[in-house]
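Undergrad: Sending over a structure as structure tokens; questions will come in a sec.
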Amino acid sequence: MGIKIEISDIINITKKIILEKKINDESTSLVCYDFQNIYTKINYLKSNFPPNTLHAIAMKANPLVKVMQELIDMEVGIEAATLPELYIAHKTGFASDRIVFDSPAKTMNDLRFSLDLGCYINANSFSELSRINTILSQMKSDSKIGLRINPQIGLGTIKSTSVAGKVSKFGVPIEKNRQQIIEAYCKYDWLNGIHIHIGSQGISIEQLIKGLEKACELADEIDAHLSKLGRQIEFFDIGGGFPVSYHKSKTAPDIKAYIEEINKRVPKLFLSGKTVITEFGRYIYANSAFAISKVEYVKEAADHKILSIHLGADFLLRKAYNPSDWHHDISILDAEGNLKQGADTKKYSVAGPLCFAGDFIAVDIELPVVEEGDFLIIHDVGAYTMSMWSRYNSRQIPEIIGFDKLKNQITTIKERETLDDLFNFWQ
Ligand SMILES: Cc1ncc(COP(=O)(O)O)c(C=O)c1O
């Protein structure tokens, strides 16, 4: 199921925004999260996975506190990839046994903090296991600790977000280290979990399953050794990476199809009694938000038509720097919030506001005729956008609002940054 926000809802919300003058000469853009979409995605995830699954939603996809508070109410957990993310998770109110800490570069301080918190921890290397062992000889911890394995099943279609190639900075590669991995589980009696993550977007269900097959085979082998010591692996963290569609004309794979493949090819994952952890981020958020910017200028020079808007490489870092791998659909609403459509179209490039020649979020795309003062909608911006906001040129982060269709309510999730906020950031 790949639900997207309906264009009719986007129009309704935009009209409310216009009425409330939330977009004006000063506040020129806005990001809107659809809460019902997020609830639906989480409920769908929960209804398809076995009930004992801990869904630790990847904070790196979207760290907005007011959105994460909704996750707590929905009884899911959170995955943190750095010490600050761990701190934010804790401060937001996630119980320690619903937090998974996955940083690939944990310092001794990070490890002490996380062990003291008692959250799940996935170690990224043998050296990290050795550091954890040192700390555990000095303090007690309720943490459940796993080891991240790189199943080395190959890259997805996007190289920069694929992490299960032959060489990766993440996890212990399985091929040449099998024996050493098994020995580590036997040596450390506190090591009781296994973790994999294949990549983010550009990964097929087939690749996700291949990763699980490799990790399950290894887990069986480890368990065979551990059973002689009266232990078993207790949790299996399958990571995130479930792909979404950024094109209105393409449908994304369904979580149901993933579960069916798991049941067919790696049934043990759900039958062995181990706690299953997932770390989906993009799946929950990407299609759950859209951005609106006022079209400030329509620049017509020779045969080039360039739209100047107020969100660019600061907000859509990946799209601007790596345009061939990433895409966002764009719609145009007029100054009253009505959808512009029809056969009368022109080719435009869409430029962000930054002082950098590569700041384009679309090049030569067909759009209805655009005028200054229209609104440009960027679809599917709920994941890896705000969390990747760039401070280049010191642009103010726009107001972020939440929309609840059932309550017909708009709320502020985060106020727009002030000029003083920015001054304080740099001093
Ligand atoms: C370890 C880990 N878990 C989970 C995720 C979330 O991936 P996605 O948002 O594609 O589900 C990532 C993202 O790269 C990750 O590195």
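Undergrad: Take the residues in segment 24-53 that are among the small types (Gly, Ala, Ser) and not in a helix (DSSP H, G or I); name whichever of them is surrounded by the fewest Cβ atoms within 10 Å (Cβ to Cβ).
TA: Ranking the candidates gives SER27 first.
Undergrad: Then there's this: Quick test for you: out of ASP325, ASP303, pick the one residue that is free of Cβ contacts under 8 Å to residues at least 24 places away in the same chain, of a type outside the set (Ser, Thr, Tyr), in the same structural domain as ILE17 (by TED's automatic domain parsing) and out of contact with any strand residue (DSSP E or B) (no Cβ under 8 Å at 6 or more places or on another chain).
TA: That would be ASP303, the only listed residue that is free of Cβ contacts under 8 Å to residues at least 24 places away in the same chain, of a type outside the set (Ser, Thr, Tyr), in the same structural domain as ILE17 (by TED's automatic domain parsing) and out of contact with any strand residue (DSSP E or B) (no Cβ under 8 Å at 6 or more places or on another chain).
Undergrad: Further question on the same structure: Looking only at residues that are among the β-branched types (Val, Ile, Thr) and surrounded by fewer than 24 Cβ atoms within 10 Å (Cβ to Cβ) in segment 78-106, which one is farthest from the ligand (Cβ to nearest atom)?
TA: Step by step, filter segment 78-106, then rank; the result is THR92.
Undergrad: Name the pairs whose Cβ atoms lie under 6 Å apart, with the first residue in segment 42-68 and within 14 Å of THR275 (Cα to Cα), the second in a loop (DSSP other than H, G, I, E, B) and away from the ligand (no atom under 13 Å from the Cβ), and 6 or more positions between them or separate chains?
TA: Every condition considered, the pairs that remain are HIS55/VAL76.
Undergrad: Would you check if there is a residue in segment 166-188 being of a type outside the set (A, V, I, L, M), closer than 18 Å to GLU79 by Cβ and outside any loop (DSSP other than H, G, I, E, B)?
TA: Within segment 166-188 (the criterion being of a type outside the set (A, V, I, L, M), closer than 18 Å to GLU79 by Cβ and outside any loop (DSSP other than H, G, I, E, B)), the answer is no, since none of the residues qualifies.
Undergrad: Could I ask something else about it? Tally the residues that are away from the ligand (no atom under 13 Å from the Cβ), touching a helix residue (DSSP H, G or I) at 6+ places or on another chain (Cβ under 7 Å) and within 27 Å of GLU85 (Cα to Cα), restricting the search to segment 242-282.
TA: Here the count works out to 1.
Undergrad: Just wondering, is there one or more residues in segment 213-234 that are of a type outside the set (Phe, Trp, Tyr), farther than 14 Å from ILE153 by Cα, within 14 Å of the ligand (Cβ to nearest atom) and surrounded by fewer than 19 Cβ atoms within 10 Å (Cβ to Cβ)?
TA: There is no residue in segment 213-234 that is of a type outside the set (Phe, Trp, Tyr), farther than 14 Å from ILE153 by Cα, within 14 Å of the ligand (Cβ to nearest atom) and surrounded by fewer than 19 Cβ atoms within 10 Å (Cβ to Cβ).
The values are calculated or read from the model by the stated rules, or taken from the named source; none is laboratory data. This is a predicted model, so every value here is computed, not measured. We place every Cβ from the backbone using ideal geometry, glycine too, and count neighbours over all the protein chains shown.
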